[in-house]
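Here is the structure we will look at.
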């Protein structure tokens, strides 16, 4: 499997707005009605990626921990559901319910939102402040399937703590390196 790194948008980039179907609530959601009072974490994930499966429990714990502190989490799947039906809206809903996702799980059918965020892989993380300006992008932590390192969310948790405390994050921001988003094949 070829690994794909994050594109690493410049810090300070404004969050692109979106309007997407939430597979959990079966309703349309927008960035503006989901954003947190202190910040918003947008993450691109999917159901089948081994890198996402590896961190799912940490994502759930992170959501339960930070959302009461004003940092809302928004998960988005942009994979092509025709080629990867396990990543389509129905499967997303059962997946989110099974894992007790404490955040919405939106479906980006057109893949325009992933392109607007320059998302490249799953998982790919984007942390925005209360003004929807990018403060962190990159990896959850150094753990990957099979490398023996614990999934502790250290990189992202530090970035979120800096955001909550209104401190500058001086830690290096490393890209996620994982499975690529499964893009739709363009017909010639």
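Structural remarks
- Which of 3, 31 has the fewest Cβ neighbours within 10 Å, and the rest in rising order: 3, 31
- By definition, a body whose alpha carbon gyration tensor gives a ≥ b ≥ c is prolate when a/c is 1.5 or more and a/b is larger than b/c, and segment 47-107 fits this prolate description.
- Note on the chain: with a GNM built from Cα contacts shorter than 10 Å, the maximum mean-square fluctuation among 71, 60, 42 falls on 60.
- The sum of -39500 (n - 2.57) across all DSSP H runs of n ≥ 4, divided by the residue count of the chain, sets its helix-only mean residue ellipticity at 222 nm to -7500 deg cm²/dmol.
- Here segment 149-188 is treated as an ellipsoid with the same Cα gyration tensor; its semi-axes, largest first and in whole Å, are 32, 14, 9.
- Mean sequence separation of contacting Cα pairs (under 8 Å, at least six apart), scaled by the length of the chain, corresponds to a relative contact order of 32 percent.
- Residue of 88, 39, 146 that the Gaussian network model of the chain assigns the largest fluctuation, springs spanning Cα pairs under 10 Å: 146
- Extension gain, residue 186 back to residue 133 (0.36 nm per residue minus Cα-Cα distance, nm): 15.9 nm
- Length-normalised contact order for segment 42-149 - Cα pairs under 8 Å, 6+ apart - percent: 33
- The relative contact order of segment 138-188 comes to 36 percent, based on Cα pairs under 8 Å that sit 6 or more residues apart.
- For segment 1-150, share of DSSP beta bridges that run antiparallel, in % to the nearest 5: 65
- Taking other C-beta atoms within 10 Å as the exposure proxy, 154, 78 rank 154, 78 from fewest upward.
- Distance between segment 9-33 and segment 132-188 - C-alpha centres, whole angstrom: 18
- Gaussian network model of the chain, Cα within-10 Å springs - most flexible of 49, 162, 121: 162
- Theoretical FRET efficiency, 1/(1+(r/R0)^6), r = Cβ-Cβ of residue 32 and residue 3, R0 35 Å, to 0.05: 0.55
Where a number appears in this text, it was derived from the coordinates with a stated rule and is not lab data. Quick caveat: nothing in here was measured; it's all calculated off a predicted structure. Ideal geometry is used to build each Cβ from the backbone, glycine not excepted, and the neighbour counts take in all protein chains shown.
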